[in-house]
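Working notes, beginning with the structure itself.
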Amino acid sequence: MDSKSSATHSKTLPDSVVETATKILAEVMEFRRIPRSSEPCGGPQCPKCTTLFLPKILSCVEQRKPVTFVLPAFPGKSPNLEKVLGVLPDYAERLALEFLGNLCQKIKQYYSPGIKIIICSDGRVFSDVIGMRESDVTQYQTELDKLIQEMSLTDISTFNLDHYYTDFDFNLMRKELMTRYGRSLESLKEKIRGGKKTSATPEEQEALRMYCGITRFLFEDSLKPGQTRSRASLQKEARANACEVIRKSNAWGELIAEYFPEAVRLSIHPQTCGSKKLGIRLVGNESWMTPWHGVAVDTNEGFVLLKRSEAENLGGKVIYSNGRPSHYTLKKTAMSITRSRRLRVYRMEEDTVNYRITHLKPFGVLLEPWDENVSINDLDIEGARKLFGEEHLVLLRGFETFQAPEDFPNYCDSWGEVSVWPFGKVLELQQQHDPQDHIFDSSYVPMHWDGMYRSQVPEYQIFHCVAAPPAGKGGRTIFSNTILALDHTSPELKRLWSKVTGVYQRKMEFYHSKVVSPIITKHPFKDYSVIRYMEPHEGEDFINPPDLQYTGISDEELQIFHRSIKEAIYDPRHIYAHQWREGDIVIADNFTLLHGREAFISHSPRHIRRVHVLSNPPYDNPNLESYK
């Protein structure tokens, strides 16, 4: 039924039928999963969506029949035990089924025939590609049916490949499926390539999202303990297998559409406005994580889904039910839980991204491209900026970077207004033959923040590694997260630090300035405190040291102050030491972090280029007393 005939048909129906059908669609769309980058949708009033979904609901409501929804999902547990507790359904599946059951009951309150949800378990469809054992798939399907019966979910049922091809072995089932419903590999690859274009159709965009998401999952699943293959080899295999999973999944979708022609099609994957399927969440506010790729974790704020390794790293305790591991409990409010889930939201909702996201410890994130030959200019700046705002440091590694000298500052322009120094936009940090300042020597550089001697303090420090010293030869850049340092410091010491004011004077080739700054101060734009501390240098051969004074406390208290604040900023819980690799780009939060440099072997090939980018609006230095 097209949009015109659908609209005409709905006008001929009683208002009560149209209102009920629209309300049912609205109930389901409340838990809709859409790509974060997609255009806003009007929900149940959206013409594109009502054209696709409302006619089937109207037809059922008009006849007072249950409305049927089909959901390809619940394939079986990931084979990677770093992610899940085992091969059988556990509390994570129970939570998802409970959600679907509650949705059915809610609709039945005002429409007594209710809705029926058919879970079209697709594990058998692609188990041979993703490394799931056939016996595990069979056990999972059997236990899932038992769980549905145990929970008295009479409006939920299952359908799988075994039900359709009753007399075939598993390999023949898949062969018959692809023979009848499968499309060519080249046609899929063409859609994926098309999804990268600005003119991409919704179908091409979905193909690219599926490809990126499934490649990511397959690569993660391949990182099993004890595997010895290279990451590049595993990534290549994941990309190839992702295409096969999508081909088989699409064939399964065609079979379902033919077998259940009157059903509304749901999907666990984000779907754009106007798609043939309606994306739906299964557990709370989870934006992508599914029960078969994670574990349920009971926290003070309710249940969340995490990878098993994340739950255990956070100190989660396994809870057993009927002699089997069920879920984890973590009865504390942990910022790290929020961090794990937040990073996963960025990782999973950016459906068309061509990079993976990895935690750095104890803070920061690493972005690496999934594919070869991905330009740094293809990276979504706004997505990276959001990660920067939460994590304070973003490392970009493995991207194609800059061919010409001006390419680096031009790239930095995309992050904001570049701060221009007397020497230009880019500072070349490499050892000079006759250095006049310690930053151009091979010595260590004490902890400090950048722009402290200038009229405007930059928010972003963007570094690009042109050449890196060998590992173990020194030269790492050390970043200290002062939020963490303050969180882990006793109230008594913080009261002592808050009395101290630093008076810093520095004269070098590019400026002659004096700064007077409290040690603990508010972030320029956010509601938390940070440390602004210029660490005194050590050693008589330190070239061109600044003049440093600390006022506000006695000499005896100053000794306690320096010792305690150094212990805090160098505490391993607060420090990220970056070992440079050629091509690395690091974007660091100059408002929150302090940074310094390890000494390195003289004339080692260490060449780092640095650009400062101002905040929006620019932050005028309130502590600058004089500047020449």
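Brief remarks follow.
- Considering region 296-365, the qualifying strands (runs of 3 or more DSSP E), each wholly inside and each with 2 or more residues that are open to solvent by 40 Å² or more (accessible area, probe 1.4 Å), at pLDDT 55 or above and over 30 Å from Asn377 (Cβ atoms), run over 317-321, 324-330.
- Filtered by the rule that a residue be open to solvent by 20 Å² or more (accessible area, probe 1.4 Å) and basic (Lys, Arg), region 507-539 gives Lys507, Lys514, Lys522, Lys526.
- Considering region 410-424, and only residues there that are under 31 Å from the mean Cα position of the chain (by Cα) and assigned to a loop (DSSP other than H, G, I, E, B), the residue that is surrounded by the most Cβ atoms within 10 Å (Cβ to Cβ) turns out to be Ser419.
- The sole residue among Gln549, Gln579 that is over 34 Å from the mean Cα position of the chain (by Cα), in contact (Cβ under 8 Å) with a residue 12 or more places away in the chain and either within 14 Å of Thr477 (Cα to Cα) or surrounded by fewer than 15 Cβ atoms within 10 Å (Cβ to Cβ) (or both) is Gln549.
- Residue within region 533-541 that is touching a helix residue (DSSP H, G or I) at 6+ places or on another chain (Cβ under 8 Å) and more than 23 Å from Asp487 (Cβ to Cβ) present: yes
- Counting residues in region 586-597 that are in the same structural domain as Glu417 (by the TED database), hydroxyl-bearing (Ser, Thr, Tyr), out of contact with any His (no Cβ under 7 Å at 6 or more places or on another chain) and open to solvent by less than 60 Å² (accessible area, probe 1.4 Å) gives zero.
- Residue match in region 441-454 (condition: within 26 Å of Leu379 (Cβ to Cβ) and open to solvent by 30 Å² or more (accessible area, probe 1.4 Å)): no
- Matching residues, region 1-55, being open to solvent by 60 Å² or more (accessible area, probe 1.4 Å), part of a helix (DSSP H, G or I) and either at pLDDT 80 or above or within 25 Å of Ile268 (Cα to Cα) (or both): Thr12, Asp15, Ser16, Glu19, Lys23, Gln45, Pro47, Lys48, Leu52
- Within region 66-92, being touching a Leu at 6+ places or on another chain (Cβ under 8 Å), crowded, with 24+ Cβ neighbours inside 10 Å and over 18 Å from Gly279 (Cα atoms) holds for Lys77, Pro89, Ala92.
- Leu103 vs. criteria within 30 Å of Leu234 (Cα to Cα), of a type in the set (A, V, I, L, M, F, W, C) and out of contact with any Gly (no Cβ under 6 Å at 6 or more places or on another chain): no
- Val264 vs. criteria in contact (Cβ under 8 Å) with a residue 60 or more places away in the chain, in contact with a helix residue (DSSP H, G or I) (Cβ under 8 Å, 6 or more places away or on another chain) and over 21 Å from Met178 (Cβ atoms): yes
- Test: residue in region 203-213 that is part of a helix (DSSP H, G or I) and open to solvent by 60 Å² or more (accessible area, probe 1.4 Å): yes
- Selection within region 564-574: residues that are out of contact with any helix residue (DSSP H, G or I) (no Cβ under 8 Å at 6 or more places or on another chain) and within 15 Å of Ile531 (Cβ to Cβ). The member of this set that is most open to solvent (accessible area, probe 1.4 Å) is Glu567.
- Looking only at region 16-33, residues that are in contact (Cβ under 8 Å) with a residue 12 or more places away in the chain and under 13 Å from Ile107 (Cβ atoms) come to 11 in all.
- Qualifying residue in region 115-136 (condition: modelled with pLDDT of 95 or more, under 29 Å from Thr20 (Cα atoms), open to solvent by 30 Å² or more (accessible area, probe 1.4 Å) and not hydrophobic (A, V, I, L, M, F, W, C)): yes
- Here the strands (runs of 3 or more DSSP E) wholly within region 584-628 that include at least 2 residues being β-branched (Val, Ile, Thr) are 585-589, 607-613.
- Any hit, region 433-444, residues being touching a residue at least 24 places away in the same chain (Cβ under 8 Å) and assigned to a strand (DSSP E or B): no
- Just one residue in the set Phe525, Phe591, Phe600 is farther than 19 Å from Pro622 by Cβ and aromatic (Phe, Trp, Tyr); that residue is Phe600.
- Subset tally (residues that are farther than 30 Å from Gly475 by Cβ and either crowded, with 18+ Cβ neighbours inside 10 Å or free of Cβ contacts under 8 Å to residues at least 40 places away in the same chain (or both)) for region 603-622: 2
The values are calculated or read from the model by the stated rules, or taken from the named source; none is laboratory data. All values reported here derive from a predicted model rather than from experimental measurement. In this analysis, Cβ positions are derived from the backbone assuming ideal geometry, glycine residues included, and neighbour counts consider all displayed protein chains. Protein only, heavy atoms only, side chains kept; ligands, DNA and RNA dropped before computing areas. Shrake-Rupley method; radii C 1.70, N 1.55, O 1.52, S 1.80 Å.
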